[in-house]
Amino acid sequence: MERRSHISSIFCVIALLLAVTARSQEQWYTYYTNAQEAIAASDWSRAVPELEKALQRKPAPQFEAETYALQLVNYVPFYWLGVAYYNQGDFEKAEANFSKSLSWGTVKKTEFYSTLLKYQGILQRIQTASDSLAALHHSIAEAPGTAGDAAVLTASWNALADALAQDDFPRARGIVREIRSLSPENASSMIVERLMQQLAEGRQETADNRNTAAANRLFDEGLAQFLSGNYQSAYRSFSEVARSEPQYRGVDGWLRRTELEIEQAGIELPDPLEPDTVRVTVAPVVLFSSEQSETRHDSIWVSGSLGDDQGIDYYEFTLNGEVYRDAKGDPLQRRPPSPEQSTQFQFRERMPLQMGENRIIITAYDVDALRHSAAFPLTVLRKPPYYQTPVFYYSIVTLLVLLAGALAANLLIKRRIAFVNRYNPYIAGAPVRNPKMFFGREQLLHKIVNTLHNNSLMIYGPRRIGKTSLLHQLKQHLEQTPDREYFFVPVYIDLQGTPEQRFFAVMMHDIVDGCESHIRLPEGLRIKSGDSDYSARDFSADIKQILALLKPLSSKRLKLVMLIDEVDELNAYSERANQKLRSIFMKTFAEHLVAVMSGSFIRKRWESEGSPWYNFFEEIPVDSIDRQAAEALIRQPVKGIFRYEAAAVDKIIEYSDNVPYRIQKFCVNIISHVIEARRRVITAEDVERAKAKVLESEDV
């Protein structure tokens, strides 16, 4: 059950990481997609903020940026901002964003590059015309008798800018003639002549650019169709390029190559496209390298480009034999982003998929009086999610088998190592410092920690009951478990065998050792000059310095916890020595001191009326552990290597009286014996064999 939980946790973490990655990609792409939809609907005011949100999350344009489901998109937000601002009439922002798009360089790899250059050419001509008209406006305004012409000139100026934006040069020339007629005798004549010359040059340049741009577009369409395996469509596109631009580089070679592919496929060589035929190119993203695509998702993005020599009116989709409809139930019909882009533009639409094969057809209609249409089919196979496939279940079963094999192998290795290295984890005699070998004292430890905040304690009990081990575990707990209110600094002090004249020196030596990991102790401590004649006064002076160095380490309240073991030694000291120790806890700095004393008992009756330890600390007894903890102490340390029979466990608990020290002494002897016997199962006979050796020893 535990292994299954671990496996579930691993898969949950992997799924979470994938979801976070997909979410981070979707954030920018969601806004970019919204912008594309707004552009397709010519909603420029909505497109601008969506593009800006996309830029906030993904500032750098990227060619073939990965979105999700291994789909790619050409991310050129600055180009589309330029288009949006251009259509809003904000030519300054349009030019700024077109320049940014060029500076990044990504747009040069896309089909939008030639269109961007066209926009920049128009903007340049608008700026040139604006500069010339501004000079003309100034000239007319200052000429005698022409002040009334200024208002007419302003209106003509705006009309001329609109004509230039539409590349309507005949209308532009007519407007220029009207402007010239306002004041034919003044200095504006020269300006008008220069403006007319610029318009004529611009018209010729634009015509040339249009021809080249159209040829580039057709050639790119042919390449896309060729790479998709649509050789007949590719042949038509290359033929159109060869007809309109005979000197176009490389077109003859691609025509021959396409003819060869058509011949090898055994299909009929198509006639070249008529001038008014709609050309439809669907360029699938990533997974759509051919007309047949596969996915495990419930929807897919269909994207590509549409083009016609006269322009596209609208296009629509058919999904699995039915017209695809919008949320309102109406047939979904999309139109070009703008009239200027109707001859060549990109489209993108998300299509839902049913399980199995899906047939998607896009149909485009042109703007001719005798309407033409063309359809391009796409087949998409939706497979079930990977986690529902037999391969997934086979993988899970294989993984579980491998895990089971690994666990079994690990168990065998552990058992082998146990015999070779004589593995015996039990401790008999020394304090238990490893938390994994400390059983049955959790509640007692919790009670001691809660009492430490305000009181000193005395933990008492018979010898070998586990008091020293409890102090060591308390020290580790205070060091490793931060308290919300107090900063505990525990130090272990062992008084065993300490004579009264060295009592305070031994205490300070242990405190210095315990604090060295926290602070750098000063040379001025009195204990460093020697422990001969080291008095309680010296102890107070040194402890005061140490507390002053510990306080800045934390904003919490400081508690130096003195864990004093073998406190029974105090019973042999004089009453005066005991009084001096207690007086230290009465000093002004004593609020930062607390003591946890450990021993069998501490003397409370003295010759004088006042007892040094009367009502000084709270007393907490340490008894034997309960049966559940005793059984855990027996079984857990050797789990998976050695196994105790139930009768053996019962006998160990019976003979040890649930005293941890005795339990561990039994187990040490038993494990040593079964290792010698090359056995893994401990029986009741093994316990009986160890009984005499354990219970008759002097330490019990």
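Legend: residue pairs LYS528/LYS559; LYS447/LYS580; LYS447/LYS639; LYS544/LYS580, Cα-Cα distance threshold 18 Å; pairs beyond threshold, LYS528/LYS559; LYS447/LYS580; LYS447/LYS639.
In this simple spin-label approximation, GLU92 and ASP483 carry label points 7 Å from Cα along the Cα→Cβ vector, and these lie 6.8 nm apart. Short-range pairs are left out: with C-alpha atoms under 8 Å and at least six residues apart, the relative contact order of the range 627-695 is 40 percent.
Just want to confirm a number: the relative contact order over the range 441-621, from Cα pairs under 8 angstrom separated by 6+ residues, in percent.
With pairs under 8 Å counted, the relative contact order is 33 percent.
Given a Förster distance of 51 Å, report the FRET efficiency between ARG502 and GLU654 from their Cβ-Cβ distance, rounded to the nearest 0.05. The value I calculate is 0.70. Put simply, when 31-40, 296-305 are sorted by average Cβ atoms within 10 angstrom per residue, most first, you get 31-40, 296-305.
Taken along the Cα-to-beta-carbon direction at a fixed 7 Å, the label points for LEU381 and THR128 span 5.7 nm.
Between THR318 and LEU407, the C-beta separation translates, for a Förster distance of 51 Å, into a calculated FRET efficiency of about 0.35.
FRET efficiency for the LYS556 to ASP531 pair, using the beta carbon distance and R₀ = 41 Å, is estimated at 0.80.
So which of LYS436/LYS551; LYS58/LYS100; LYS467/LYS693 end up more than 21 Å apart by C-alpha? It would help to have the intermediate numbers written out before the result.
On the way: LYS436/LYS551 33 Å; LYS58/LYS100 15 Å; LYS467/LYS693 24 Å.
In this structure, LYS436/LYS551; LYS467/LYS693 exceed 21 Å between Cα atoms.
Counted residue by residue at 0.36 nm each, then reduced by the alpha carbon distance between them, the extension gain from GLU618 to GLU261 reaches 118.8 nm. Extent along the principal axes, Cα only, for the range 619-700: 47, 29, 17 Å, with the longest axis given first.
Put simply, the amide H of ARG296, placed in the peptide plane, has neighbours under 5 Å in LYS383, leaving out anything fewer than 5 places away on its chain. Placing a pseudo-label 7 Å from each Cα along the Cα-to-Cβ vector at ALA692 and TYR423 gives an inter-label distance of 3.2 nm.
When +1 charges are put on Lys and Arg Cβ atoms and -1 charges on Asp and Glu Cβ atoms, the dipole computed for the range 441-621 relative to its Cα centre reaches about 380 debye.
FYI, it's all coordinate maths here, none of it is from the lab. These numbers were taken from a predicted model, which means no experiment stands behind them. Glycine gets a Cβ as well: all are built from the backbone with ideal geometry, and neighbour counts include every protein chain shown.
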